[in-house]
Amino acid sequence: MKFTLKDYQRDAVLDALNNLKDAKDDWHRKSRKSAFSLTAVTGAGKTVMAAAAFEALFHGDDEFNFDRDPGAVVIWFSDDPSLNEQTRFRLMESSDRINHSDMVVVEHPFSRRKFEAGKIYFLNTQKLGKKSLLVRGFEGEDDLITQTRPDAQAYTLWDTIRETIADPELTLYLVLDEAHRGMGGTTSSEKGTIVQRLINGFQGVPGIPVVWGISATVER
């Protein structure tokens, strides 16, 4: 890390890492999904804490007594592309072990059977919305263009999520930024539906095994 963590940040990172480790074990040993949250007031340094947790997740950390997860894949999801860009910049600003190439902004065309271990993929509501080229054709009859996939899109994002979850060598972690905005009445119906699909699964795609919500709103 480029910054020295404050005591409360260190405690929060340790709690997050313990939750990530337990969640990974629950998934691979018991096929049981897990969810937990990090709630801290605005200005507490949530992105700095996330950067420290990602460093340990991808590379291990002796100070936290945490072994790296060689199959870790992270999806960072929000409802705002500009918020994702701010987060990506802050992660690079905070970490000296997470490189620019480790953080992938998913754009069309993006056609991969699986996500790659050791990377953070940035997604937002629009990328998984019905009008997105990244998902076109996945929903069959319910889609705007029935069973039609662009030539460059052999795999939709939902296909990629499904295949990544199915790989026993990989662990898919979903980070919901401003998680309260996807879980209650303050969000758009599309955002809420997409978040529910990511968590609970749909159309043959299982729910993402590990969900980490980050929010400044304690009530939600």
Explain nothing, just compute: Karplus ³J(HN,Hα) = 6.51 cos²θ - 1.76 cosθ + 1.60, θ = phi - 60°, for every residue of the range 36-45 in order, whole Hz, x for Gly and Pro. 8, 9, 10, 10, 8, 5, 4, x, 7, x
Using alpha carbons only, how many angstrom separate the centre of the range 45-71 from the centre of the range 74-90? 18 Å
Value of relative contact order over the range 1-153, rounded to a whole percent, pairs C-alpha under 8 Å and six or more apart: 19 percent
For the chain, find the longest principal axis of its Cα atoms and tell me its angle to the long axis of helix 157-166, 0 to 90°, nearest 10. 60 degrees
Run lengths n ≥ 4 of DSSP H only: what is the helix-derived mean residue ellipticity at 222 nm for the chain, with -39500 (n - 2.57) per run over all residues, to the nearest 500? -11000 deg cm²/dmol
What is the helix-to-structure angle for 46-59, meaning the angle in degrees between its Cα long axis and the longest Cα principal axis of the chain, kept from 0 to 90 and rounded to the nearest 10? 90 degrees
In nanometres, what is the gap between the two model label sites at LYS131 and ALA40, each 7 Å from Cα along Cα-to-Cβ? 3.6 nm
The range 14-67, accessible surface, carbon-and-sulfur percent (1.4 angstrom probe): 42 percent
Could you tell me whether the range 44-121 comes out rounded, prolate or oblate from its Cα gyration tensor? Rule is a ≥ b ≥ c as square roots of the eigenvalues, rounded for a/c under 1.5, then prolate if a/b exceeds b/c, otherwise oblate. oblate
Lys/Arg +1, Asp/Glu -1 at C-beta; the chain dipole; positive extreme among MET1, ASN18, VAL106: VAL106
Cα-based Lys proximity count in the chain, under 17 Å, for pairs eight or more positions apart or on separate chains: 10
Work out how much length TYR8 to GLN196 would gain on full extension: take 0.36 nm times their residue separation and subtract the Cα-Cα distance, in nm to one decimal. 64.6 nm
Per residue accessible area of the chain, 1.4 Å probe, in Å²: 49 Å²
Quick one: if you take sqrt(5λ) for each eigenvalue of the C-alpha gyration tensor of the range 1-89, what semi-axes come out, biggest first, whole angstrom? 21, 17, 13
How big is the Kirkwood radius of the chain, worked out from every pair of different alpha carbons and given in Å to one decimal? 17.7 Å
So how tilted is helix 189-200 from the main axis of the chain? Cα-based, degrees 0 to 90, rounded to 10. 70 degrees
Can you bin the range 39-82 into rounded, prolate or oblate? Criterion: square roots of the alpha carbon gyration tensor eigenvalues sorted a ≥ b ≥ c, rounded for a/c under 1.5, prolate for a/b above b/c, oblate for the rest. oblate
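The values are calculated or read from the model by the stated rules, or taken from the named source; none is laboratory data. Note that the structure is predicted; figures quoted are calculated from it, not measured. Neighbour counts are summed over all protein chains in view; Cβ atoms, including those assigned to glycine, are modelled from backbone coordinates with ideal geometry. Note: areas computed on protein heavy atoms with side chains; ligands, DNA, RNA excluded. Shrake-Rupley method; radii C 1.70, N 1.55, O 1.52, S 1.80 Å.
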